[in-house]
Amino acid sequence: MFSFSKHLNMMCGIFIYDVWLTLYKTNVKDDEERNPLSAQTYGSKLDEAKGFSEVWELVKDTVRDTLGERRVGMMLFLDDLPLRVGAYHPLGTNNIVLNRAIIEIVEGVTKSKRVVNAFVYTLLLHEYLHALGHIPESEVYSLVYQVSKESFGEHSTVSQIARRGLRSILENIPLDHISPPSKRAVEIVRDFDKTSRAYIS
């Protein structure tokens, strides 16, 4: 049965989310603000990134330079989530939550800073696109590959992860046989947009 009150509440919720998103999201219309670097430069910056905030700056820069979109005021939280979950963005918030446990596992197994940085970049990029208002997963997966390919080149580690999915990194890790770590307190990455924070304390 149609409920006018429920329909009205839903429409109000959509309106509030649209207004909220407009306040935080900016379309970059001035070409002078879009200054795409070469794939080699982006690649070098990602390889050398020392923590979440440096990878995050690349996420914002590559999205701005390829899609002309950006958003301010995002916050990053680290939590021990189920090992099949990489990250998530609660709609209607400025938050991105990364799975601290899976990042530590990937770092321990791969022993490659390049792969870990590419993994974190892809997770953050995916959730940032959701935060920019791209909700359907199919659309986000396509945009992740587009941004990665245009920014880092088709054959880069980032683009390979974007094309094959995060499972391409996890496929050789027996997650079903790994006991998740004991639940730790949720950690907020302070000054996410300003300072660097190492992956592992």
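Every number in this text was worked out from the coordinates using simple rules, so none of it is lab data. Keep in mind that this is a model prediction, so the values were computed, not measured. Every residue, glycine as well, gets a Cβ built from its backbone with ideal geometry; the counts of neighbours run over all protein chains shown.
Some points to look at:
- Size of charge dipole - the range 62-156 - debye, nearest 20, with Cβ of Lys, Arg +1 and Asp, Glu -1, no other charges: 220 debye
- Using the average count of surrounding beta-carbon atoms within 10 Å as a protection proxy, the listed peptides 78-91, 167-180, 129-142 rank, highest first, as 78-91, 129-142, 167-180.
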